[in-house]
Amino acid sequence: MRSQTTRPANHQRGIGLIEVLIAMLVVVIGVLGISRMQIAMLRNNQSSLLRSQASLLAYDMIDRLRADREAALDGNYTHILGNPAPSTSTVPAGEVSAWLAAVNTALPAGTGAIAVDGSDVEITVRWDDTRGALAPLSFTTIVEL
């Protein structure tokens, strides 16, 4: 007869615990990676939303300028970046004031500029993007009226 030798059970104590600890470490690292990716995604989505808003606001002003083309070509809609909204009661001043109010409402610390050069108009929208990657950001478009 053959005799079988068996190992005592005390030789494998603790191996299961080490495997569990390593598995928990891998899971924790994975969860941290996913949460960091979520935070980056939220930041980029917020920045993208603000860029889209800036684009829509610039094209809104372009439509306003095209509706009153003669006054726009005469430079009545010109506005320098950072200046306060005009307070006169003319139609161009009212349009610029309404547009600047919309820019400030839709974008954090939003402001805008309108520059006319012949039949070319340059619209600039600037805002604070501290939640995103860069601050401040600006969107500029040039169109021909």
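Candidates L17, N83, L100 compared by Cα position along the dipole of the chain: farthest toward the positive end lies L17, with charges placed on Cβ. Highest mean first, the peptides 82-95, 43-56, 21-34, 115-128 sorted by other C-beta atoms within 10 Å per residue fall in the order 115-128, 43-56, 82-95, 21-34. The charge dipole of the chain, taken about its Cα centre with unit charges on the Cβ atoms of Lys, Arg (+1), Asp and Glu (-1) only, comes to about 1680 debye.
Taking Cα atoms only, the orientation of helix 15-67 departs from the longest principal axis of the chain by about 10 degrees.
Note on D128 and D68: the model spin-label points, each 7 Å out from Cα along the C-beta direction, lie 3.0 nm apart. Computed over the Cα atoms of the range 11-144, the ratio of the radius of gyration to the Kirkwood radius (Rg/Rh) comes to 1.41. Each Cα pair under 8 Å and six or more residues apart adds its sequence gap; the mean of these over the residue count of the chain is a relative contact order of 21 percent. Angle of helix 91-106 to the longest C-alpha principal axis of the chain, folded into 0 to 90 degrees and rounded to 10: 10°. Would you please classify the overall shape of the range 91-145 from the alpha carbon gyration tensor, given that a ≥ b ≥ c denote the square roots of the eigenvalues, rounded means a/c under 1.5, and beyond that prolate means a/b larger than b/c while oblate covers the rest? Oblate is the answer for the range 91-145, as a/c is 1.5 or above yet b/c matches or exceeds a/b.
Computed from the coordinates by the stated procedures, all read-outs in this text should not be read as laboratory data. Since the model is a prediction, treat every value here as computed from it, not as a measurement. Counting neighbours? That spans all protein chains shown, and the Cβs are built from the backbone with ideal geometry, glycine included.
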